[in-house]
Amino acid sequence: MDGSKTPTTAPVLILLGPPGAGKGTQARMLEETFGLVQLSTGDLLRAAVTNGTEAGQQAKAVMDAGALVSDDIVIAILRDRLAEADCARGVILDGFPRTTVQAEALDTLLGENGQKIDAAISLDVDDAAMVDRISGRFTCAGCGEGYHDTFKAPTTKGQCDKCQGTDFKRRADDTAETVAARLDAYHAQTAPLIAFYDAQGALARVDAMGDIDDIAKTLGAIVRRATA
Ligand code: ADP
């Protein structure tokens, strides 16, 4: 590696918003529509926990408590993932950056690659609704499709609409008690990034309390404009 990477114009999008805002759901829809790669630091950290890596071992207790994993660990994980070949198609960052230190590290990383952020989209929601959204959510263990006990149950009970799998899982930190800590962490450490990206001229705000497909259409229009 001599550090002289070829500049790329692959899109870089960021989804901001508290836990439960729908970042993962919308990122997956954008991934399908635009052929981009969803990068969820939450998913990468959960994989590290499952695989028992050193980072995973350090992160587990912090995640279970609803606090933020240290910037060093998360930045290292994200940097490694961004260097993988598929990311050349363009990425949607879901759950990263979550602190100003991470946002600055991301700007540096992208700058080294001749890239920049095309849009940072804030999904605006009411905190009060997030507890219900999170405590009822689950995913297909096979394909990762997201569901909710009340708002988005599988069409056939117990069977994934997408891959027909019958195995589902719930996250260890998706409990009412942990959600409060995660919302506090969002407001204290992540919400300041809204002003950070506004100052860069990259911010878009979307009301994310409505219908999932309507929100996806709004996001699609923002992405088209930002990457035109
Ligand atoms: P959500 O946004 O729904 O809370 P995520 O799957 O994005 O869920 O993250 C789950 C947990 O992983 C967070 O509560 C935090 O402990 C950790 N985490 C994920 N991304 C980051 C990050 N960028 N910085 C620090 N911790 C993170």
Checklist line | Paramagnetic label zone (point 7 Å from Cα along Cα-to-C-beta, LYS217; backbone N under 13 Å) in region 141-178 | finding: none
Next item on the list: Compute the semi-axes of the equivalent ellipsoid of region 40-169, taking the square root of 5 times each eigenvalue of the Cα gyration tensor, and list them largest first in whole Å.
Entry: 29, 18, 17
Margin query: Restricting the calculation to Cα positions, tell me the Rg (one decimal) and the Dmax (whole number) of region 9-56 in Å.
Written below: 12.7, 35
Check: Taking Cα pairs under 8 Å and at least six residues apart, what relative contact order does the chain come out at, in percent?
Finding: 30 percent
Notebook entry, point to check: Counting DSSP beta bridges in the chain, what percent are antiparallel, to the nearest 5?
Noted result: 30 percent
Check: log10 I(q)/I(0), Debye, Cα-only region 62-125, no solvent, q = 0.12, 0.15, 0.29 Å⁻¹?
Finding: -0.33, -0.52, -1.49
Next item on the list: Could you check how many percent of all C-alpha pairs in the chain are farther apart than 24 Å?
Entry: 44 percent
Notebook entry, point to check: What whole-number value in cubic angstrom gives the convex hull volume per residue for the C-alpha atoms of region 166-205?
Noted result: 118 Å³
Next item on the list: Return one quarter of the surface area of the convex hull spanned by the alpha-carbon atoms of region 182-228, equal to its mean projected area, in nm².
Entry: 4.1 nm²
Margin query: Taking 22 Å as R0, compute the FRET efficiency from the Cβ-Cβ separation of GLN57 and LYS169 and round it to 0.05.
Written below: 0.60
Next item on the list: Calculate the all-directions average of the projected area of region 139-217's alpha-carbon convex hull, and give it in nm².
Entry: 7.2 nm²
Checklist line | Candidate lysines for bridging to LYS60, where Cα separation is under 24 Å - those fewer than 8 sequence places away on the same chain excluded | finding: LYS23, LYS169
Item checked: Label-point separation, PHE151 to ILE194 (7 Å along Cα→Cβ), nm -> 1.8 nm
Check: How big, on average over all directions, is the shadow cast by the Cα convex hull of region 114-165, in nm²?
Finding: 5.8 nm²
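Where a number appears in this text, it was derived from the coordinates with a stated rule and is not lab data. Not measured: the values here are computed from a predicted model. Counting neighbours? That spans all protein chains shown, and the Cβs are built from the backbone with ideal geometry, glycine included.
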